[in-house]
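The values are calculated or read from the model by the stated rules, or taken from the named source; none is laboratory data. Being a predicted model, the structure only gives us computed values, none of them experimental. Cβ placement follows ideal geometry from the backbone for every residue including glycine, while neighbour counts extend to all protein chains displayed. Side chains included, ligands, DNA and RNA excluded: accessible areas come from the protein's heavy atoms. Shrake-Rupley method; radii C 1.70, N 1.55, O 1.52, S 1.80 Å.
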Amino acid sequence: MRQRYPGMTAAIAALCTTMALAGCGGTGGAAEVTLQLVAADYGTNSENSSSKYWKALAAEFESNNPGIKIDVDVRPWKTIDADVAERVANGDAPDIAQIGSYSQYAKAGKLYNADQLLSVPSQANFLSQLSEAGKVNRVQYGMPFVASTRLLFYNKDLFEQAGLTDAPKNWDDIKEDAQALKEQGVTTPIAIPLGSEEAQGETLMWLLAGGGGYTDTADGSYNIDSQQNIDTFDWLRKDLVGEGLTGPVAPGKLDRATAFKAFTSGEVGMLNGHPSLMQDASKSGIKVGMVALPGAKGKAKSSMGVSDWMMAFKENNHRREIGRFLDYVYEDTNVLNFAGLYDLLPVTYSASEEMTADDNHADLRKFLEALPTSELLPYGKNSWSTVSDSIKKNIGQAVEPGGSASSVLGRIARDAATAEAAE
């Protein structure tokens with residue numbers, strides 16, 4: 001990252017002085033404007049709710065930008081996408097939304113693009129992989145907010161009690177380790193949360209490990225019911241769920257937050273996790289091991305990368321004020337503060353360089369190293385929101401006793417084809 005943008009931090013500091021208003025402008029003495037910000041909650045309780053971060057940031061911004069107020073509304077991940085969609089449908093779009101998907105709003109012509117909002121230094125500082133993922137028809141509408149990659153977490157103490165000395169290196173190891181954990185009375189040897197909260201992410205992790213994915217690497221078209229994907233979910237159903245290794249809650253009913261809480265309570269042996277889980281596990285006294293989720297026979301095709309998105313709606317005609325606020329949001333100090341709060345990855349070159357060099361974030365280096373080559377969800381496809389909903393509703397059935405991966409993935413593939421044809 002440093003080699004691609006040497007001296008980025010210094011360059012941005014210099015340019016921002018002269019270009020602070022280039023992409024956004026001030027209020028110009030106009031009447032006071034209140035921007036409505038709807039943001040997702042990354043906290044797990046009231047003590048670490050994201051509401052505290054946003055309200056403090058808003059207060060700092062307001063003190064330096066008279067005439068602009070920020071109305072902060074922080075909502076849980078489980079409902080925020082639907083909450084924003086309902087507001088948009090009712091003609092009450094917020095000025096700014098920090099959520100999981102932007103492409104449907106870009107397609108409907110409801111969003112400002114990044115060129116209309118950000119100063120040149122702010123926009124140029126995004127990691128190129130994430131900037132590309134934020135584009136629809138080669139125009140950037142989604143601005144990455146934070147990123148993460150996924151690794152397989154395991155409880156070192158439970159592994160030791162089960163006589164396991166090494167992390168799993170392939171799927172046979174995962175099954176054998178889960179069986180050993182079950183014999184030791186571990187409640188959930190391996191958690192596979194395919195509930196509605198983030199089934200689309202958990203699914204992609206396993207598909208990539210099985211050599212498949214959501215899209216064809218050659219042309220980007222959906223390839224959801226490929227044979228590799230069917231084989232992956234057949235294995236999950238037969239070798240993990242069918243052997244009683246996934247705990248008392250059916251994967252299709254298990255949300256990520258519930259699985260994470262069970263891991264930090266010492267009830268789960270293995271699960272796929274993101275950087276924030278390290279912090280919660282450490283606070284709970286859980287000794288964590290982390291490795292890339294292995295493939296069936298060894299190293300997986302790639303790991304999954306995730307970005308959450310910032311977007312700005314045109315409805316209230318507050319482009320200039322939104323741009324001023326977003327330039328502030330993407331200053332290095334603020335990017336690093338939020339990423340550090342939740343052990344997530346920054347989305348800019350300068351902040352990534354600073355985090356990589358900081359020994360206080362040494363435990364995040366594995367995740368930072370994985371990000372440039374990770375495979376992201378197909379955020380830029382206009383149909384992705386519809387397809388993601390179909391995955392959330394249906395994928396759990398593929399691993400139910402007597403379920404059919406071929407049938408379920410075929411149903412999702414048909415939903416994807418219908419959604420694509422409607423574009």
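In terms of solvent-accessible area of protein heavy atoms at a 1.4 angstrom probe, what is the ranking of Thr258, Thr217, highest value first?
On the way: Thr258 85, Thr217 115 Å².
Largest accessible area first, the list is Thr217, Thr258.
With a sphere of radius 14 Å drawn around the Cβ of Gly67, what net charge do the other residues whose Cβ falls strictly inside it have (Lys, Arg +1; Asp, Glu -1)? List each step's numbers first, then the result.
Working: positive: Lys69, Arg320, Arg324; negative: Glu32, Glu62, Glu321.
Surrounding charge for Gly67 is 0.
Could you state the accessible area per residue of the chain in Å², with a 1.4 Å probe and every protein chain left in place? Mind showing how you got there, number by number?
Numbers: 17560 Å² over 423 residues.
With the other protein chains kept in place, the chain gives 42 Å² per residue.
Two decimals is fine: what is log10 I(q)/I(0) at q = 0.06, 0.11, 0.12, 0.14 Å⁻¹ for the chain, from a Debye sum with one equal scatterer on every Cα and no solvent?
Each listed q corresponds, in turn, to -0.25, -0.84, -0.99, -1.31.
Would you work out the relative contact order for the stretch 154-235, in percent, from Cα pairs under 8 angstrom that are 6 or more residues apart?
Relative contact order, the stretch 154-235: 16 percent.
Estimate the FRET efficiency between Val120 and Glu62 by the formula 1/(1 + (r/R0)^6), using the beta-carbon distance for r and 22 Å for R0, to the nearest 0.05.
Values: r = 25 Å, r/R0 = 1.13.
Calculated transfer efficiency: 0.30.
Quote the accessible area belonging to His318 in square angstrom, nearest 10, computed with a 1.4 Å probe and with ligands, DNA and RNA left uncounted.
Probe radius 1.4 Å; accessible area of His318 about 40 Å².
Kindly express, to the nearest 10 degrees and within the range 0 to 90, the angle between helix 50-64's C-alpha long axis and the longest C-alpha principal axis of the chain.
The two axes meet at around 10 degrees.
As a test of the formula, what do you get for the chain when each DSSP H run with n ≥ 4 contributes -39,500 (n - 2.57) and the sum is divided by the residue count, at 222 nm and rounded to the nearest 500 deg cm²/dmol? Present the calculation step by step, with values, prior to reporting the outcome.
Numbers: 19 runs with 181 residues, N = 423.
Taking each H run of at least 4 residues, the total per residue is -12500 deg cm²/dmol.
Along the charge dipole of the stretch 269-417, which of Ser352, Gly285, Gly396 sits closest to the positive end, that is, farthest toward it, with unit charges on the beta carbon of Lys, Arg, Asp and Glu (+1, +1, -1, -1)?
Sorting the options by dipole projection puts first Gly396.
Local charge sum around Asp327 (other residues, Cβ-Cβ under 14 Å, Lys/Arg +1, Asp/Glu -1)?
Details: positive: Arg319, Arg320, Arg324; negative: Glu60, Asp115, Glu321, Glu331, Asp332.
Taking every Cβ under 14 Å from that of Asp327, the sum is -2.
Which percent of the accessible heavy-atom area of the chain goes to carbon and sulfur, probe 1.4 angstrom?
Working: 8190 of 17560 Å².
On the chain, the fraction of accessible area on carbon and sulfur atoms equals 47 percent.
If you plug each phi of the stretch 114-119 into the Karplus form 6.51 cos²θ - 1.76 cosθ + 1.60 with θ = phi - 60°, what whole-Hz ³J(HN,Hα) values come out, in order, with x for Gly and Pro?
After applying 6.51 cos²θ - 1.76 cosθ + 1.60, I find 4, 4, 7, 10, 8, 5 Hz.
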